[in-house]
1. Within the range 85-131, take every residue that is more than 30 Å from residue 239 (Cα to Cα) and under 26 Å from the mean Cα position of the chain (by Cα) and give me the one that is modelled with the highest pLDDT.
2. Can you name the condition, by its number, that residue 225 falls short on among (1) touching a residue at least 60 places away in the same chain (Cβ under 8 Å); (2) farther than 19 Å from residue 172 by Cβ; (3) open to solvent by less than 40 Å² (accessible area, probe 1.4 Å); (4) in contact with a strand residue (DSSP E or B) (Cβ under 6 Å, 6 or more places away or on another chain)?
3. From 424, 382, 407, grab the single residue that is of a type in the set (A, V, I, L, M), open to solvent by less than 70 Å² (accessible area, probe 1.4 Å), modelled with pLDDT under 70 and outside any loop (DSSP other than H, G, I, E, B).
4. May I ask you to list the residues in the range 204-217 that are touching a Ser or Thr at 6+ places or on another chain (Cβ under 7 Å) and under 18 Å from residue 173 (Cβ atoms)?
5. Tell me yes or no: at least one residue of the range 230-250 is free of Cβ contacts under 8 Å to residues at least 24 places away in the same chain and of a type in the set (A, V, I, L, M, F, W, C).
6. Can you confirm whether residue 300 is farther than 20 Å from residue 273 by Cβ, among the aromatic types (Phe, Trp, Tyr) and modelled with pLDDT of 90 or more?
7. Restricting to strands (runs of 3 or more DSSP E) lying wholly in the range 105-162: which have 2 or more residues that are within 20 Å of residue 210 (Cβ to Cβ) and aliphatic (A, V, I, L, M)?
8. Please go through the range 179-198 and pick out each residue that is among the hydrophobic types (A, V, I, L, M, F, W, C) and closer than 19 Å to residue 249 by Cβ.
Amino acid sequence: MRACYWLRAFVVMAAGLLIAAAPVRVDSVSAAEGAVSPAAKEFLRTLGNSISEAAEVAKPSVVNISTTTTVSMEQHPFGEFFDNPLFKKFFGDEFGQPGQQKKFKSAALGSGVIISSDGYILTNNHVVENADEIIVTLGNKKEFKGKVIGTDPPSEIAVIKIDAKDLPAIKVGRSRDLRAGDVVIAIGNPFGLNQTITMGIVSAVGRADIGISDYEDYIQTDAAINPGNSGGALVNYNGELVGINTAIFSTLGGNIGIGFAISSEMANRVAQSILKHGRVIRGWLGVSIQDLTPELAQSFGIKEEKGALVTEVLENSPAERAGFRRGDLIVSYGGKAVENGTALKNMVANTAPGTTVPLTVRREGKTETITATIGELPAATAKKGPERPKAEEQALRGVEVQELTPAVRERLDIAKGIKGVVVAKVDPGSPARGVLAPGDVIVEVNRTPVASVKEYRQIVSKAGAGENILLLVNRKGRYLYVTVTK
């Protein structure tokens, strides 16, 4: 409690409200003479001790992970030059033949967090991916060989094991209780510097769509995170694990105050699934979704600003059995509001297969409740990653279409069940340039299926000036809705 009090006081002080949080009276005479007042020194001493106590609780649980990986590459990039007889006359053949593959060892460093006293360690997938050898160094400098127990690239989490007992396992905290402004401490091995501690605040919680992994629930922090910190611990003022440091946002490769850590809830859930089942089990609804944009909302006559729009219902999926339709807007899942597609994706993934969940949808201007029994995410879908097409704002001016003939279908490898017209060309001056691409199949125009160029032109010609057009497009086997502004 004492550590908690002084860390909160520090945050208030940083905001310029020190007097209200901890009324410290500075002796003006002492300050003028260049001395620090006793009260100020006591505050700073207590603050420093509080941070040190929290760090000391967590430090023993953070380890250094060094890996060795075998990499193959061409022996030299200037094959013809090195193959020149004159070059060989002076330098011999030691440079090898052009195009030959040479194998060499590549070393890398990262961090990990002990989650059980018998040697299980949580880290990032990219820290141990494709590693031939893993060496784990504890805080007391003891080294152990590590082996991979399981990895989950979609969440960037991996679990490894060392043969040791009575290890200091970290206590896992509740990352969902974090708020922007809370004090956090990052512990890891940046640049191989073991047991490095940095302090900062939580900049944001629930970050997603960053592009780091398929399933994202990131804590953003300004605590300094550098290469080698990956897999290390982000802890709160109690020394509890609230995140696994994973990535930095930087143009130069170093810390600029924007780091991301996987929330402890997601990391622990993935780790426990790996330990219990040998793999990660995720819930599956069987829909492709996209975020709701103002243009899509207007086209569908939807007043809501949040939700996940269904673009495809997969065959023989829980969603199909429950009665979902393309164009449904999912606004609630299990009684919780759905902010966007990412939120729904995480909600479904975190639901145990076999669970029956009520979902609230907006359909044709009406509100309906659909009950679905969640299935298990198929291995093929998990490997490919969740399908969530992005919403694109397009215009049809300068877009040429053609019939989807058997020859065109075969040449573009378009599935037999897909019907519509194929985008043949997008003029350089068209607003759709760089958005629509040749090979896209326009399946619907304003919610009306099209099977020929004639039908396509008839429907498009009925749209008035300034009226938005809603298209359903199939792109490389995936469906997505797009709005077109004329």
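1. By that ranking, first place goes to 131.
2. (1)
3. Values: 424 fails: modelled with pLDDT under 70; 407 fails: modelled with pLDDT under 70.
Going through 424, 382, 407 in turn, just one is of a type in the set (A, V, I, L, M), open to solvent by less than 70 Å² (accessible area, probe 1.4 Å), modelled with pLDDT under 70 and outside any loop (DSSP other than H, G, I, E, B): 382.
4. 217
5. First pass over the range 230-250, keeping only residues free of Cβ contacts under 8 Å to residues at least 24 places away in the same chain: 248-250.
In the following step, the residues that additionally are of a type in the set (A, V, I, L, M, F, W, C) were identified as 248-249.
The answer is yes; a qualifying residue exists.
6. Details: farther than 20 Å from residue 273 by Cβ: yes; among the aromatic types (Phe, Trp, Tyr): yes; modelled with pLDDT of 90 or more: no.
No.
7. 157-162
8. Start the filter on the range 179-198 by keeping residues that are among the hydrophobic types (A, V, I, L, M, F, W, C), which leaves 180, 183-187, 191, 193, 197.
180, 184, 186, 191 - these are the residues of the range 179-198 that are among the hydrophobic types (A, V, I, L, M, F, W, C) and closer than 19 Å to residue 249 by Cβ.
The values are calculated or read from the model by the stated rules, or taken from the named source; none is laboratory data. These numbers were taken from a predicted model, which means no experiment stands behind them. Glycine also receives a Cβ, built like all others from the backbone with ideal geometry; neighbour counts cover every protein chain displayed. Side chains included, ligands, DNA and RNA excluded: accessible areas come from the protein's heavy atoms. Shrake-Rupley method; radii C 1.70, N 1.55, O 1.52, S 1.80 Å.
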